[in-house]
1. Just for the Cα atoms in the stretch 185-293, what are the lengths along the principal axes, largest first, rounded to whole Å?
2. Given labels modelled 7 Å from the Cα in the Cβ direction, how far is it in nm from Glu61 to Ile149?
3. Can you work out the Karplus-derived ³J(HN,Hα) for every residue in the stretch 195-207? Use 6.51 cos²θ - 1.76 cosθ + 1.60 with θ = phi - 60°, whole Hz, and x for glycine or proline.
4. What number comes out for the charge environment of Glu55, summing +1 per Lys or Arg and -1 per Asp or Glu over other residues with Cβ under 13 Å away?
5. How big is Rg to Rh over the stretch 48-109, alpha-carbon atoms, Rh as the Kirkwood inverse-mean-distance radius?
6. Show the residues, 5+ positions off or on another chain, whose built amide H is closer than 5 Å to the amide H of Gly225.
7. Taking R0 as 22 Å, what's the FRET efficiency between Thr134 and Ser85 from their Cβ-Cβ distance, rounded to 0.05?
8. Run down the lysines and flag those whose C-alpha is under 24 Å from the C-alpha of Lys172, throwing out any fewer than 8 positions away in its chain.
Amino acid sequence: MKVGLAQMDCSLGDVEANLSRALRYVRQAKEQGVDLLIFPELSLTGYDLGEQVAEVAMTLEAQPLATLQAESHALSLVVGFVEKSTHHRHYNAAVYLEDGQVRHLHRKLYLPTYAVFQEGRRFVPGDSIKAFDTRHGRMAILICADAWIPPVAYIAVQDGASLLLHPAASSKQGLGEYLDLPTCWEGINRVFAQLHGVYVIFVNRVGREGDLHYWGGSEVIDPRGRVVVKAPYFEEGLFSGEIHLEMVKEQRAAAPLMRAPRLGLLIREMQRVQDKLRKENSNVKWRPDRRTV
């Protein structure tokens, strides 16, 4: 199976320009025999949208998505966009298109709202993580910060995912000197691949939006933690490589780290911690000079 990583720049708020660029990547991917082409987070709209969110939001039936859906007979596509739900809520979303159909929709679960990030003020968080079947195998989508919450990937793998897709819009300036995001992402991708015995496909964008400088560095990591594809930093382009899903079964048989998940134990203990935190928060008295989370 050949996967393609569309490490693209995006025009902020210009859906038509981004659609045209995406279609060029689709044509190039077809020429290279790519089976699955993944675009970055919010690839149809750009990331730092501010007040433009409502202007670029679209339903699943919108023409830009319909155009890409028609292209998905030849190859499968993962596309990022701002979804407008039937209740006029806005989600940071990614859609999996295959055989001219919407196979899966993932709404970003964890919305960074700190430092330079304002997602929690613009979007509603999603409320589910599910693996889904495709003609290439069972996989799951974790949009950017979703992958920084380890239980999310764990749930997806226990739900049967053999591939974890990580579309992202990660900038070098995200957390300044306090966290080297490229190093962190590369560590996360390798640990998840080895720990869960899966392929991890990370697709980050490039380009600038104001003070945000997106660094690229897209990559494919195999279940043994080895680099299959590594795109350069800050360089736009289509990068592709072959993956072999039988390696997932082989690696899990040799290193059965996920064989005894004890999900009941995890659910019980997480419920205990949640109840404890709720009780502690209910006892906090609000004062004008004190912030509570």
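1. 56, 47, 15
2. 3.1 nm
3. Those phi angles translate into 5, 9, x, 9, 7, 10, 10, 9, 10, 10, 8, 10, x Hz.
4. On the way: positive: Lys84, Arg122; negative: Asp14, Glu16, Glu51.
After counting each charged neighbour, the total is -1.
5. Working: Rg = 11.7 Å, Rh = 11.9 Å.
Using only Cα positions, Rg/Rh for the stretch 48-109 is 0.98.
6. Here the answer is Gln194, since their amide H atoms fall under 5 Å of that of Gly225.
7. The calculated FRET efficiency here is 0.40.
8. In chain and number order, the partners are Lys108, Lys230.
Since every read-out is calculated from the coordinates, none of them should be taken as a lab result. Everything numeric in this text was worked out from a predicted model, so none of it was measured. FYI the Cβ positions are ideal-geometry reconstructions off the backbone, even for glycines, and counts take in every protein chain you see.
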